[in-house]
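Data block below; observations after.
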Amino acid sequence: MGLQNTPLQRGEYDTSSDNTRWGGRVFYFDDVALTGAFNATAAKRSEHIVECCLVKNDSGAALLPKRLVVWKTSGSKTLVDGYSATTACQVAGVVDEHLPAAGVPNGSWFWMVRKGPALATTDLAGGANNVIALNAYLVALTAATSGATTAGRVNTQSLAGATAVLGDQVQNAFGQALSAMTTGQTNADVLVYMDCRF
(Lines give C-alpha, C1' and ligand atoms only; values in the text may rest on other atoms or scores of the structure.)
Protein backbone atom coordinates (compact mmCIF):
# COMPACT_ATOMS: atom_id res chain seq x y z
CA MET A 1 0.00 0.00 0.00
CA GLY A 2 2.89 2.34 0.69
CA LEU A 3 2.18 6.04 0.95
CA GLN A 4 -1.47 7.03 0.74
CA ASN A 5 -3.43 10.22 0.39
CA THR A 6 -3.79 10.55 4.16
CA PRO A 7 -3.98 13.58 6.44
CA LEU A 8 -0.60 12.55 7.94
CA GLN A 9 2.12 10.05 7.18
CA ARG A 10 3.42 7.78 9.92
CA GLY A 11 6.00 9.53 12.06
CA GLU A 12 4.16 12.84 11.78
CA TYR A 13 1.83 14.68 14.14
CA ASP A 14 -0.27 17.79 13.65
CA THR A 15 -1.45 20.43 16.11
CA SER A 16 -3.95 21.82 13.58
CA SER A 17 -7.69 21.55 14.21
CA ASP A 18 -8.11 20.77 10.49
CA ASN A 19 -7.74 17.07 11.28
CA THR A 20 -10.90 17.00 13.38
CA ARG A 21 -12.88 15.71 10.39
CA TRP A 22 -10.42 12.82 10.06
CA GLY A 23 -10.49 11.91 13.76
CA GLY A 24 -11.17 8.24 14.42
CA ARG A 25 -10.72 7.20 10.79
CA VAL A 26 -8.68 4.12 9.98
CA PHE A 27 -5.97 3.99 7.31
CA TYR A 28 -3.72 1.14 6.24
CA PHE A 29 0.06 1.26 5.80
CA ASP A 30 2.83 -1.15 4.86
CA ASP A 31 4.75 -2.62 7.79
CA VAL A 32 7.98 -0.63 7.53
CA ALA A 33 11.09 -1.28 9.63
CA LEU A 34 12.09 1.39 12.11
CA THR A 35 15.38 2.27 10.43
CA GLY A 36 14.72 5.84 9.29
CA ALA A 37 12.02 7.98 7.75
CA PHE A 38 8.71 6.47 6.74
CA ASN A 39 8.78 6.91 2.97
CA ALA A 40 8.29 5.08 -0.31
CA THR A 41 11.82 3.61 -0.28
CA ALA A 42 11.79 2.38 3.34
CA ALA A 43 12.43 -1.34 3.80
CA LYS A 44 9.46 -3.52 4.69
CA ARG A 45 9.60 -5.42 7.97
CA SER A 46 6.95 -7.90 6.83
CA GLU A 47 4.21 -8.33 4.26
CA HIS A 48 1.55 -7.50 6.85
CA ILE A 49 -0.59 -4.38 6.66
CA VAL A 50 -0.71 -2.05 9.67
CA GLU A 51 -4.08 -0.56 10.64
CA CYS A 52 -3.72 2.91 12.14
CA CYS A 53 -6.36 5.19 13.63
CA LEU A 54 -5.97 8.99 13.64
CA VAL A 55 -6.44 10.15 17.24
CA LYS A 56 -5.80 13.24 19.33
CA ASN A 57 -3.59 13.34 22.42
CA ASP A 58 -5.87 14.71 25.16
CA SER A 59 -3.77 13.47 28.09
CA GLY A 60 -2.28 16.79 29.17
CA ALA A 61 1.29 15.71 28.39
CA ALA A 62 3.41 14.37 25.53
CA LEU A 63 2.91 10.70 24.63
CA LEU A 64 6.01 8.72 23.69
CA PRO A 65 6.26 6.29 20.78
CA LYS A 66 5.77 2.54 21.44
CA ARG A 67 3.66 3.07 24.57
CA LEU A 68 0.15 1.66 25.06
CA VAL A 69 -2.64 4.23 25.36
CA VAL A 70 -6.27 4.22 26.50
CA TRP A 71 -9.39 5.97 25.23
CA LYS A 72 -10.79 9.10 26.82
CA THR A 73 -13.89 8.13 28.80
CA SER A 74 -16.06 10.41 26.65
CA GLY A 75 -16.48 7.42 24.33
CA SER A 76 -15.77 9.39 21.16
CA LYS A 77 -13.01 6.99 20.05
CA THR A 78 -11.03 9.98 18.76
CA LEU A 79 -9.29 11.11 21.98
CA VAL A 80 -6.66 9.23 23.98
CA ASP A 81 -6.25 9.97 27.66
CA GLY A 82 -2.74 8.82 28.48
CA TYR A 83 -0.96 5.51 28.93
CA SER A 84 -2.47 2.28 30.19
CA ALA A 85 -1.92 1.97 33.94
CA THR A 86 -4.10 -0.91 35.18
CA THR A 87 -3.33 -4.58 34.71
CA ALA A 88 -5.22 -5.92 31.69
CA CYS A 89 -7.19 -2.70 31.14
CA GLN A 90 -8.72 -2.04 27.73
CA VAL A 91 -5.97 -0.80 25.41
CA ALA A 92 -6.91 1.57 22.58
CA GLY A 93 -3.64 1.00 20.70
CA VAL A 94 0.06 1.81 20.71
CA VAL A 95 1.63 5.18 19.85
CA ASP A 96 3.24 5.17 16.39
CA GLU A 97 6.83 3.92 16.67
CA HIS A 98 7.92 6.23 13.82
CA LEU A 99 7.28 9.39 15.85
CA PRO A 100 10.26 11.40 17.19
CA ALA A 101 11.69 10.28 20.54
CA ALA A 102 10.07 13.28 22.25
CA GLY A 103 6.68 11.90 21.22
CA VAL A 104 3.47 13.68 20.31
CA PRO A 105 2.60 16.91 22.20
CA ASN A 106 -0.66 17.30 24.04
CA GLY A 107 -3.42 18.51 21.73
CA SER A 108 -1.85 17.00 18.61
CA TRP A 109 -3.24 14.43 16.15
CA PHE A 110 -1.18 11.29 15.49
CA TRP A 111 -1.37 7.68 14.32
CA MET A 112 -2.14 4.98 16.84
CA VAL A 113 -1.60 1.38 15.71
CA ARG A 114 -4.65 -0.82 16.31
CA LYS A 115 -3.86 -3.95 14.28
CA GLY A 116 -0.75 -5.46 12.73
CA PRO A 117 2.95 -5.43 13.65
CA ALA A 118 4.16 -2.65 15.95
CA LEU A 119 6.85 -2.04 18.53
CA ALA A 120 5.81 -1.74 22.18
CA THR A 121 7.86 -1.14 25.34
CA THR A 122 8.69 -3.63 28.08
CA ASP A 123 8.74 -3.14 31.85
CA LEU A 124 11.38 -0.89 33.42
CA ALA A 125 12.22 -3.56 36.00
CA GLY A 126 13.70 -6.98 35.44
CA GLY A 127 11.54 -9.89 36.59
CA ALA A 128 8.62 -12.09 35.64
CA ASN A 129 6.82 -9.24 33.82
CA ASN A 130 9.71 -9.08 31.39
CA VAL A 131 9.68 -12.76 30.42
CA ILE A 132 7.74 -12.80 27.16
CA ALA A 133 7.62 -15.97 25.11
CA LEU A 134 7.17 -15.92 21.36
CA ASN A 135 3.42 -15.94 20.52
CA ALA A 136 2.44 -15.12 24.13
CA TYR A 137 -0.78 -13.13 24.53
CA LEU A 138 -0.18 -9.67 25.94
CA VAL A 139 -2.07 -7.30 28.25
CA ALA A 140 -1.32 -3.91 29.79
CA LEU A 141 1.04 -3.73 32.78
CA THR A 142 0.00 -1.92 35.96
CA ALA A 143 1.49 1.47 36.89
CA ALA A 144 1.01 4.14 39.55
CA THR A 145 -0.72 6.59 37.16
CA SER A 146 -1.39 6.95 33.44
CA GLY A 147 1.42 9.49 33.23
CA ALA A 148 4.06 7.47 35.11
CA THR A 149 7.27 6.30 33.44
CA THR A 150 6.14 2.74 34.25
CA ALA A 151 2.82 3.19 32.38
CA GLY A 152 1.93 2.10 28.85
CA ARG A 153 4.00 -1.07 28.96
CA VAL A 154 3.34 -4.70 28.06
CA ASN A 155 2.80 -7.73 30.29
CA THR A 156 2.03 -11.35 29.48
CA GLN A 157 -1.52 -12.61 29.96
CA SER A 158 -1.93 -14.61 33.16
CA LEU A 159 -5.01 -16.78 33.46
CA ALA A 160 -4.67 -17.37 37.20
CA GLY A 161 -6.58 -15.38 39.78
CA ALA A 162 -10.04 -14.20 40.77
CA THR A 163 -12.90 -14.22 38.26
CA ALA A 164 -12.89 -10.43 37.70
CA VAL A 165 -9.15 -10.40 37.01
CA LEU A 166 -9.45 -13.45 34.79
CA GLY A 167 -12.21 -11.75 32.76
CA ASP A 168 -10.02 -8.68 32.19
CA GLN A 169 -7.07 -10.86 31.22
CA VAL A 170 -9.14 -12.70 28.60
CA GLN A 171 -11.17 -9.90 27.05
CA ASN A 172 -8.48 -7.19 27.11
CA ALA A 173 -5.59 -9.10 25.54
CA PHE A 174 -4.50 -6.64 22.86
CA GLY A 175 -2.01 -8.66 20.87
CA GLN A 176 0.53 -11.43 20.55
CA ALA A 177 4.32 -11.31 20.90
CA LEU A 178 6.26 -11.62 17.62
CA SER A 179 9.57 -11.55 19.50
CA ALA A 180 10.70 -13.03 22.81
CA MET A 181 12.10 -11.08 25.77
CA THR A 182 14.00 -12.03 28.93
CA THR A 183 14.32 -10.52 32.42
CA GLY A 184 17.36 -8.49 31.36
CA GLN A 185 15.63 -6.80 28.43
CA THR A 186 14.04 -3.99 30.42
CA ASN A 187 12.65 -0.81 28.84
CA ALA A 188 13.19 -2.44 25.46
CA ASP A 189 11.28 -2.84 22.20
CA VAL A 190 9.17 -5.94 21.76
CA LEU A 191 7.57 -6.63 18.38
CA VAL A 192 3.84 -7.21 18.84
CA TYR A 193 1.04 -8.21 16.50
CA MET A 194 -1.57 -5.74 17.68
CA ASP A 195 -5.24 -6.74 17.62
CA CYS A 196 -7.22 -4.15 19.57
CA ARG A 197 -10.91 -4.95 19.40
CA PHE A 198 -12.52 -1.76 20.67
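The values are calculated or read from the model by the stated rules, or taken from the named source; none is laboratory data. Quantities reported herein were computed from a predicted structural model and do not represent experimental measurements. So basically every Cβ, Gly included, is an ideal-geometry build from the backbone, and we count neighbours across all protein chains shown. To get the accessible areas, we keep the full protein, side chains included, count just its heavy atoms, and leave off ligands, DNA and RNA. Shrake-Rupley method; radii C 1.70, N 1.55, O 1.52, S 1.80 Å.
Brief remarks on what is shown
- At least 1 residues being hydroxyl-bearing (Ser, Thr, Tyr) is the threshold, and among the strands (runs of 3 or more DSSP E) wholly inside the stretch 124-184 those reaching it are 137-140, 154-156.
- Of the strands (runs of 3 or more DSSP E) that lie entirely inside the stretch 39-117, those containing 3 or more residues that are crowded, with 20+ Cβ neighbours inside 10 Å and out of contact with any Lys or Arg (no Cβ under 6 Å at 6 or more places or on another chain) span 44-57, 68-71.
- Criterion: of a type in the set (A, V, I, L, M), touching a helix residue (DSSP H, G or I) at 6+ places or on another chain (Cβ under 9 Å) and touching a residue at least 60 places away in the same chain (Cβ under 8 Å) - qualifying residue of VAL139, VAL154: VAL154
- Scanning the stretch 1-33 for residues that are at pLDDT below 75 and open to solvent by less than 70 Å² (accessible area, probe 1.4 Å) turns up GLY2, GLN4.
- The one condition from (1) modelled with pLDDT under 95; (2) closer than 20 Å to VAL50 by Cβ; (3) of a type in the set (A, V, I, L, M, F, W, C) that ALA136 does not meet is (2).
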